[in-house]
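Enquirer: Supplied in structure tokens, the structure appears directly below.
The values are calculated or read from the model by the stated rules, or taken from the named source; none is laboratory data. Note that the structure is a prediction, hence the values are computed from the model and not measured. Backbone-built Cβ (ideal geometry, glycine too); neighbour counts: all protein chains shown.
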Amino acid sequence: MKKLVLPARARGNEKRLVYEFRNVSVKGAGFKVFLRNELKKIPEYHTPIELDNPEVAGRTEDGIPIPVNTLGRWLFGVPGYAGNAVFDGFKNVPEVIINVGAGISGEAVELIDKLFSVAGGNRRE
């Protein structure tokens, strides 16, 4: 599989994917951590990506760059780089909102759908 090219900063874009998690028992502040830990077990989380702006990266406290080079890092973020997914575990039905931008490929959407469906998420149309 070739690397996906994703927008470095998709937050604020109008095109969104919204996933609802009706059967997830972990809510509140632990919701994001729970999802990340579950999804790290799935190969698609580790899908290699390239950012449309290769200068964008996270940073350690010492200023060492942390590459945003997998789908999981793009979604959840790394220190110094806010991911492109917003997690709301405080709603009655927890949800994840992903700002993806207009140019995201169908292949990328399919991978994101697969990731979140494994953890019990259903995309809301």
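Enquirer: In region 90-125, which residues are buried (at least 16 other Cβ atoms within 10 Å of the Cβ), charged (D, E, K, R) and over 14 Å from Leu35 (Cα atoms)?
Expert: none
Enquirer: With (1) under 15 Å from the mean Cα position of the chain (by Cα); (2) modelled with pLDDT under 95 as the list, and Val68 as the residue in question, which single condition is left unmet?
Expert: (2)
Enquirer: Check region 83-100 and report whether any residue there is under 11 Å from the mean Cα position of the chain (by Cα), modelled with pLDDT of 95 or more, under 21 Å from Pro43 (Cβ atoms) and not in a helix (DSSP H, G or I).
Expert: Within region 83-100 (the criterion being under 11 Å from the mean Cα position of the chain (by Cα), modelled with pLDDT of 95 or more, under 21 Å from Pro43 (Cβ atoms) and not in a helix (DSSP H, G or I)), the answer is yes, since at least one residue qualifies.
Enquirer: Turning to a different aspect of this structure: Of the numbered conditions (1) modelled with pLDDT of 95 or more; (2) over 14 Å from the mean Cα position of the chain (by Cα); (3) among the hydroxyl-bearing types (Ser, Thr, Tyr), Tyr45 fails exactly one; give the number of that condition.
Expert: (2)
Enquirer: Go through region 36-82 and report how many residues are of a type in the set (Ser, Thr, Tyr) and in a loop (DSSP other than H, G, I, E, B).
Expert: 2
Enquirer: Quick test of your reading of the structure: Val33 fulfils all but one of (1) in a loop (DSSP other than H, G, I, E, B); (2) among the hydrophobic types (A, V, I, L, M, F, W, C); (3) without any contact (Cβ under 8 Å) to a residue 12 or more places away in the chain. Name the failing condition by number.
Expert: Only one criterion is unmet by Val33, namely (1).
Enquirer: Related question: Of the conditions (1) within 14 Å of the chain's Cα centre (by Cα); (2) surrounded by fewer than 13 Cβ atoms within 10 Å (Cβ to Cβ); (3) free of Cβ contacts under 8 Å to residues at least 24 places away in the same chain, Pro54 fails just one. Which one is it?
Expert: (1)
Enquirer: Something else about it: At positive phi, in contact with a Gly (Cβ under 6 Å, 6 or more places away or on another chain) and loosely packed, with under 13 Cβ neighbours inside 10 Å: does that describe Gly28?
Expert: It is true that Gly28 is at positive phi, in contact with a Gly (Cβ under 6 Å, 6 or more places away or on another chain) and loosely packed, with under 13 Cβ neighbours inside 10 Å.
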